[in-house]
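For reference, the structure discussed in these notes is given below.
The values are calculated or read from the model by the stated rules, or taken from the named source; none is laboratory data. Model, not experiment: these values are computed from the prediction. Positions of Cβ are generated from backbone atoms using ideal geometry, with glycine treated the same way; all protein chains shown enter the neighbour counts. Protein only, heavy atoms only, side chains kept; ligands, DNA and RNA dropped before computing areas. Shrake-Rupley method; radii C 1.70, N 1.55, O 1.52, S 1.80 Å.
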Amino acid sequence: MQLSHSENTYNEELVEKSLWISLSNIHGVGSQTFCQLLKTFGNPANIYAANHKQLKEVVSDKIAAEITKGVDEEALRDSLHWLSQANNHLVTLADSHYPKALLEISDPPPFLYAKGNLALLNIPSIAIVGSRNASVQGEKNAEAFAQGLSGYNLCIVSGLALGIDGAAHRGALKANGATIAVVGTGLDIVYPARHRDLAHQIVERGLIISEFALGTPSKPQNFPKRNRIISGLSLGCLVVEANLQSGSQITARLSAEQGREVFAIPGSIHSPMSKGCHQLIKQGAKLVDCLQDIVEELDLINATENVAETSNYSDNKTPPQNSLLTLMGYEPITLENIVHLSGLTVSEVSSMLMLLELEGGVASLAGGQYQKIM
């Protein structure tokens, strides 16, 4: 039986990708060693074709010996089966889909396992991160900022963790925006398990990526490594809530080192969940108390105008919360009255009011009232 041209091409791609995976499976070949090998030999096929002496000029004797043994096809079986399934991808440095933003960082991953819409890897993005043990208000803030920033055609990048991360992804999905989850496990594992449904929603409407091999469990050392990808993909990083030992501090530091903007939301001086944000602000992060702070810093108004006619990730219609402003008038009004006038649910109105507060459009008053201020 002869294979069609498309089948031949597909098989050739699988063979090529198998070499990338095989090389990364060798103990001691991390992202920096892998990239050094690529710089020297050009591609994995050439690396495997090199002799021991040539390889020893770049890597240790032990690694060189492992490479010259050739590809362990049995060890690749599960990965190749995963890649053969719909919507599963391996994005290498040689691929056009590889995120250009990651090429700017000091140690880009040689490849990424990906599940979902690859086009999201190269659209403007912002990271939203924070504590796993977030307050209710912190999660509301993360969701509202993600929802608002999605309206400016930004992809929301976070880590799928409990707390702030999950809220950020939900906010993007709620706005019908784009979101990328960067995880610290293999893509055949959902961690935390509580976010299984959220992960499925992200795959359907966004993208989940990882540099870790399939089957890699959750390990503490994986997450700082994962964080450099979260920051590297993004124009800036918003820290919503974080204590002083939070992993979000690492993401913020990496953002600064990578030349990205760092934003932090202040909170109560008595709350441990605010201390990390306050420290970042002292170190030069931009204090954020409304959406406009980020919009102005990243010049999102001009950026949105430039892509308004071509973006596939936002319908660019008037945001629904703006219609609420028309209903409110300029006199103080209760939540219940807004619900009655709008015909919306309490949950829908509360979410819109949160966005309007972040945008500086309304102010919350004593007694559960709101007033339009724009």
**Prompt:** Per-residue HN-Hα couplings for the stretch 254-270, Karplus 6.51 cos²θ - 1.76 cosθ + 1.60 at θ = phi - 60°, whole Hz, x for Gly and Pro?
**Reply:** 4, 4, 5, 5, 8, x, 8, 6, 10, 10, 9, 9, x, x, 5, 5, 9
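Roughly how many Å² is the accessible area per residue of the chain, as a whole number, for a 1.4 Å probe?
For the chain, the solvent-accessible area averages 49 Å² per residue.
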**Request:** Once you have the Cα-Cα distance between Leu327 and Ser347, take 0.36 nm times their residue separation minus that, and quote the gain in nm to one decimal.
**Result:** 5.5 nm
**Prompt:** When the dipole is taken about the Cα centre of the stretch 149-253, and only Lys, Arg (+1) and Asp, Glu (-1) are charged at their Cβ, what size is it in debye, to the nearest 20?
**Reply:** 120 debye
**Asked** Can you pull out the GluC sites (Glu not before Pro) in the stretch 1-110 that DSSP calls coil and that have at most 12 other Cβ atoms within 10 Å?
**Response** Glu57
**Asked** Based on the Cβ-Cβ distance of Asn25 and Asn122, what FRET efficiency does E = 1/(1 + (r/R0)^6) give at R0 = 22 Å, to the nearest 0.05?
**Response** 0.20
**Request:** Assuming a ≥ b ≥ c are the square roots of the Cα gyration tensor eigenvalues, decide whether the chain counts as rounded (a/c under 1.5), prolate (otherwise, with a/b larger than b/c) or oblate.
**Result:** prolate
**Request:** Report ³J(HN,Hα) in whole Hz for each residue of the stretch 144-149, in order, from the Karplus equation J = 6.51 cos²θ - 1.76 cosθ + 1.60 where θ = phi - 60°; Gly and Pro get x.
**Result:** 5, 5, 4, 5, x, 5
**Candidate residues Lys140, Lys62: accessible-area rank, largest first, probe 1.4 Å** = Lys62, Lys140
**Asked** Hey, any idea what % of the chain's accessible area is carbon plus sulfur with a 1.4 Å probe?
**Response** 50 percent
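Ranking request for peptides 158-168, 172-182, 244-254, 258-268: highest mean number of other beta-carbon atoms within 10 Å first, then the rest in descending order. Let's see the in-between values first.
Details: 158-168: 26.4, 172-182: 23.8, 244-254: 21.5, 258-268: 19.1.
Peptide ranking by packing, descending: 158-168, 172-182, 244-254, 258-268.
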**Asked** Taking the Cα centre of the stretch 1-110 as the origin, how large is its charge dipole in debye, to the nearest 20, when only Lys and Arg (+1) and Asp and Glu (-1) carry charge on their Cβ atoms?
**Response** 320 debye
**Item:** Label-to-label distance, nm, for residues given as Ala65 and Ala366 (7 Å Cα→Cβ offset)
**Value:** 7.9 nm
**Message:** Angle check, please: helix 272-282 long axis (alpha carbons) against the longest principal axis of the chain (alpha carbons), in degrees 0 to 90, nearest 10.
**Reply:** 80 degrees
**Message:** As I understand it, the dipole of the chain uses +1 on the Cβ of Lys and Arg and -1 on the Cβ of Asp and Glu, about the Cα centre. Which of Leu173, Asn153, Val136 lies farthest toward its positive end?
**Reply:** Val136
**Request:** Can you pull the one-decimal nm distance between simple spin-label points at Asn176 and Gln137, each 7 Å off the Cα toward Cβ?
**Result:** 3.3 nm
**Asked** Once the other residues with Cβ under 12 Å from the Cβ of Ser350 are scored (Lys, Arg +1; Asp, Glu -1), what is the net sum?
**Response** -3
**Length added when fully stretched, Ser84-Ile301, from 0.36 nm per residue minus Cα-Cα** = 74.0 nm
**Cα-projected label distance for Thr334 with Lys100, points at 7 Å along beta-carbon direction, nm** = 5.4 nm
**Prompt:** Assigning unit charges at the beta carbon (Lys, Arg +1; Asp, Glu -1) and nothing else, what dipole magnitude in debye, to the nearest 20, does the chain show about its Cα centre?
**Reply:** 900 debye
